[in-house]
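Worksheet for the structure shown next.
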Amino acid sequence: MKILIVEDEFIIAQMLQEILCELGYSDSQRCRKVGEAKFLIKSGNFDMAILDINLSGGYEGIELGQLCSRERIPYFYLTSYSDRNTVHRAKSGKPGNYVVKPFSPQDIMVAVELTLMHAQPETATKGETAKHKFGLTEREAEILELMLKRLSNNEIAEQLFISINTVKSHMRGIYNKTGTSTKKELALFLDLNKD
């Protein structure tokens, strides 16, 4: 799982990266600037984001949260602000959590777990639905469910005790049956065709 950390304070970003590593999330990337964060979010290379709200003296983090929502990347806020107005504005993008600085490693662990948990319920039955609607095999539906839970091809292979090439082969079958060509496109397609 790859996590994007958008935080303009170097020490806090570094501390977050160390905490994530201790929690088993060793693949993370830090960034400080809004423009770079937008580019990275749109790249589709991240499974989750941790966003500071105030990056340049404004509420840029909230805008980034809304972008994460549009890009279907679960995220939570990490901020010094706990006033009613900021919290109200932050809710607009439906973050997975809201952590107020200063924070503990336990706070981050809980926020990560809850954010990931909230991102999964809506995808939990999409594999079964797609199986019937698009003629997926049992294995394709199983792989689709894991892919929608943001597992990488390697993680799917390990969990199902199959080779990475078998996962890729099944993914090609899923793409062909749904008329999509990327994981992001597939998730959007399934969301639009859930009824």
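No lab work stands behind these numbers, since they all come straight from the coordinates. Everything numeric here is computed off the predicted structure, so don't read it as measured data. Cβ placement follows ideal geometry from the backbone for every residue including glycine, while neighbour counts extend to all protein chains displayed.
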Subject >> Size of electric dipole in the chain: Cβ of Lys, Arg +1 and of Asp, Glu -1, about Cα centre, debye, nearest 20 >> reply: 680
**OP:** Report, by chain and number, residues whose modeled amide H sits under 5 Å from the one on ILE5, excluding near sequence neighbours (fewer than 5 apart, same chain).
**Re:** GLN29, ARG30, CYS31, ILE50
Original post:
Which percent of Cα pairs goes in each bin when the distances of the chain are cut into 10 angstrom slices starting at zero?
Top reply: 9, 35, 32, 18, 6, 0
Original post:
Semi-axes, largest first, in whole Å: what does sqrt of 5 times each Cα gyration tensor eigenvalue give for the stretch 55-159?
Top reply: 33, 15, 11
**OP:** Using a cut-off of 11 Å between beta-carbons, work out the net charge of the residues near ILE164 (Lys and Arg +1, Asp and Glu -1, ILE164 not included).
**Re:** -1
**OP:** Tell me the label-point distance for the pair GLN29, LYS194, using the 7 Å Cα-to-Cβ offset, in nm and rounded to one decimal.
**Re:** 2.8
**OP:** As a check on your grasp of the helix formula, calculate [θ] at 222 nm for the chain: sum -39500 (n - 2.57) over DSSP H runs of n ≥ 4, divide by the residue count, round to the nearest 500.
**Re:** -16500 deg cm²/dmol
Original post:
Karplus couplings for the stretch 12-23 from phi (6.51 cos²θ - 1.76 cosθ + 1.60, θ = phi - 60°), rounded to Hz, Gly and Pro as x?
Top reply: 5, 4, 5, 4, 4, 4, 5, 4, 4, 4, 5, 7
**OP:** Select from SER26, HIS118, ASN193 the residue farthest towards the positive end of the dipole of the chain; place +1 on Cβ of Lys and Arg, -1 on Cβ of Asp and Glu, and compute about the Cα centre.
**Re:** ASN193
Original post:
For the stretch 1-54 and the stretch 131-152, what is the separation of their C-alpha centers, rounded to whole Å?
Top reply: 28
Subject >> Projected-area mean, the stretch 122-192, by convex hull of Cα positions, square nanometres >> reply: 4.0
Original post:
Can you pull the three principal axis extents for the Cα set of the stretch 11-86, in Å, largest first?
Top reply: 34, 25, 19
